[in-house]
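Remarks on the structure that follows.
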Amino acid sequence: MNKTLLLFAVALLFTFPVSKVHAQIDHLNVGEVVVSDQSIYSQKRAGKRAFEQVVTKMSGESTSNENITVRRAATNFEQYLISSSYRQEKEALIYRAEFNQDKIIDLLRSEGLRVWGKRRPSSLLWIAIEDDTTKDKKLLTQTTESDLKTLLNTAAFQRGIEVVFPLGDLSDSMNVSTNDVWGLYSSSIYNHSIRYGTNYVIGAKIGLGFDDYSASEKFILNYFVTDGQSIETAQVAGDSLPVLLGEFINRYADELGLKYAVSSDDTNETYDIVLKVSNVNSLLDYRTVLSILSSLTITKSVELVAQQNDVSEFHITTNVPALRLRSILKLENTIYEGDPASDDEQSLTYIWRGK
């Protein structure tokens, strides 16, 4: 019996890919800004900045606040405000504002700007830092005490993306060294990051170096981003670590926004696509799959049109083409691509893994 169970477990490993854990970002309509005091003047300035932060989060574009109508809305942020409060965090006083999400979505769409839903890719960040004096290098992990982690987490919150650090446990220590990360050995790093199940793996290194663009010494961050199928590399330079890390997160979030946010051009079109989802064996499975498809921001309607054995055939009306729909569904960690070779512009195949 035990041998049978073991064989069944091994079979499951080959049947389904490693679960990719997307991020559910529930604070898209919340902005947080550090303030010096609780005066009316400070509150007005912080409210405007918090509104701009939320617009950037929800659109996925750092340039959205350059729109003239959005700029006017930021000046009159109170018409979108639901609530505001203050909290003390160590030495910092933080102003927190919650805005009406639906009204901001309407604003973005009326101005032809992108809208990015709550389901977003998760990213594992391996980052090595070189001390500019001793030249010693260290990795940031979940157990590392570092102001740099706070800076990165704050920047990620402000852009509405999830960036997690490796555990730094025995498995990580045995498989990924500081030199591996400093050398940006992408294949080795990615292969030993699969257990985390994130959509993307980032390798990065920071140190002082000569910046060709400014012809001066700056902090330089070199990094790669991979999903296991493709890889992108880039470099960021900054006069200080806070500026550098903020620019890095902004650039990465902009790249994700281009891939996953829905533009107004998309919403003007309607596409009818059939999704054939296998391994749907119960009414609960069906209801869960239907709920997931219905909750997508790009879904206009969805219905079950056929059921044969364990294959459910859903008809989905959406405002994005099949290729874009497929990229968005990659963020669902319970639905996997079936046979992409058999897919076309009207039909996609998937496998339901379940909760």
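The values are calculated or read from the model by the stated rules, or taken from the named source; none is laboratory data. Treat the numbers as computed from the prediction; the structure is a model and nothing was measured. For neighbour counting, all protein chains shown are included, and Cβ atoms are generated from backbone atoms with ideal geometry for every residue, glycine included. SASA here: full protein model, heavy atoms, side chains in, ligands and nucleic acids out. Shrake-Rupley method; radii C 1.70, N 1.55, O 1.52, S 1.80 Å.
Can you give the FRET efficiency to the nearest 0.05 for Ala306 and Thr143, using r as the Cβ-Cβ distance and R₀ = 56 Å? All intermediate terms of the calculation are to be shown ahead of the outcome.
Details: r = 51 Å, r/R0 = 0.91.
Here the calculated transfer efficiency is 0.65.
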Problem set entry | Rounded percent of accessible protein surface that carbon and sulfur make up, the chain, 1.4 Å probe | 50
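How large is Rg over Rh for the range 245-311, taking Rg from the Cα atoms and Rh as the Kirkwood inverse mean of 1/r across Cα pairs? Please list the in-between numbers first.
Details: Rg = 17.0 Å, Rh = 14.8 Å.
Result: Rg/Rh = 1.14.
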For this session: Binning at 5 Å from 0, report for the range 266-355 what percent of all alpha-carbon pair distances ends up in each bin.
Result: 3, 15, 29, 29, 17, 6, 1, 0
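Kirkwood Rh over Cα pairs of the range 83-132 into Stokes-Einstein at 10 °C, 1.306 mPa s: D in µm²/s? If you can, show how the numbers build up before the last one.
On the way: Rh = 15.3 Å.
D = 104 µm²/s.
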Problem set entry | Evaluated over the range 300-343, the Cα radius of gyration and Dmax, each in Å | 11.4, 30
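Among the chymotrypsin sites (Phe, Trp or Tyr not before Pro) within the range 212-306, which fall in a DSSP loop and have no more than 14 other Cβ atoms within 10 Å of their own Cβ?
Working: sites: Tyr213, Phe219, Tyr223, Phe224, Phe248, Tyr252, Tyr260, Tyr271, Tyr286; in loops: Tyr213.
Passing both the DSSP loop test and the Cβ count: Tyr213.
Quick check on the chain: helices-only [θ] at 222 nm, where DSSP H runs of length 4 and up contribute -39,500 (n - 2.57) each and the sum goes over total residues. Nearest 500, please. Please list the in-between numbers first.
Numbers: 12 runs with 127 residues, N = 355.
The per-residue figure over the chain is -10500 deg cm²/dmol.
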Problem set entry | the chain - charge dipole about Cα centre, Lys and Arg +1 at Cβ, Asp and Glu -1, debye rounded to 20 | 740
For this session: Give the span of the range 205-339's Cα atoms along each principal axis, as three whole-Å numbers ordered largest to smallest.
Result: 65, 32, 23
Exercise. What percentages, rounded to whole numbers, describe P(r) for the range 35-140 computed over all alpha carbon pairs with 5 Å bin width beginning at zero?
Worked result: 2, 10, 18, 16, 12, 13, 11, 8, 6, 3, 0
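For the chain, what D do you get in µm² per second when you plug the Kirkwood radius from alpha-carbon pairs into Stokes-Einstein at 25 °C and 0.890 mPa s?
Stokes-Einstein gives a translational diffusion coefficient of 109 µm²/s.
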Seminar exercise, completed: Taking 163-175, 105-117 and ranking on average Cβ neighbours within 10 Å, highest first, one gets 105-117, 163-175
Problem set entry | Fraction of beta bridges assigned by DSSP in the chain that are antiparallel (%, nearest 5) | 80
Exercise. Residue farthest toward the positive end of the dipole of the chain, with Cβ of Lys/Arg at +1 and Asp/Glu at -1: which of Asn222, Tyr271, Ser295?
Worked result: Ser295
Seminar exercise, completed: Residue-normalised value, i.e. accessible area per residue, for the chain at 1.4 Å probe, in Å², stands at 52
For this session: Return the long-range amide H neighbours of Ser122 (sequence gap of 5 or more, or a different chain), with a cut-off of under 5 Å between placed amide H atoms.
Result: Ala23, Asn199, Tyr200
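Please report the net charge: other residues with Cβ closer than 11 Å to the Cβ of Thr349, K and R +1, D and E -1. Provide the component values of the computation, followed by the final result.
On the way: positive: Lys276, Arg326; negative: Glu313, Glu337, Asp339, Asp343, Asp344.
Summing Lys and Arg as +1 and Asp and Glu as -1 gives -3.
Using the Cα atoms as the points, what is the convex hull volume per residue of the range 92-244 in Å³?
Values: hull volume 25.7 nm³, N = 153.
Residue-normalised Cα hull volume stands at 168 Å³.
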Exercise. Among all helices in the chain defined by DSSP H, which have a length of 15 Å or more along the axis from Cα atoms plus a Kyte-Doolittle mean of at least 0.0?
Worked result: 2-15, 241-260, 283-295
Problem set entry | Simple spin-label estimate for Asp344 and Gln38 in nanometres, 7 Å along Cα-Cβ | 6.5
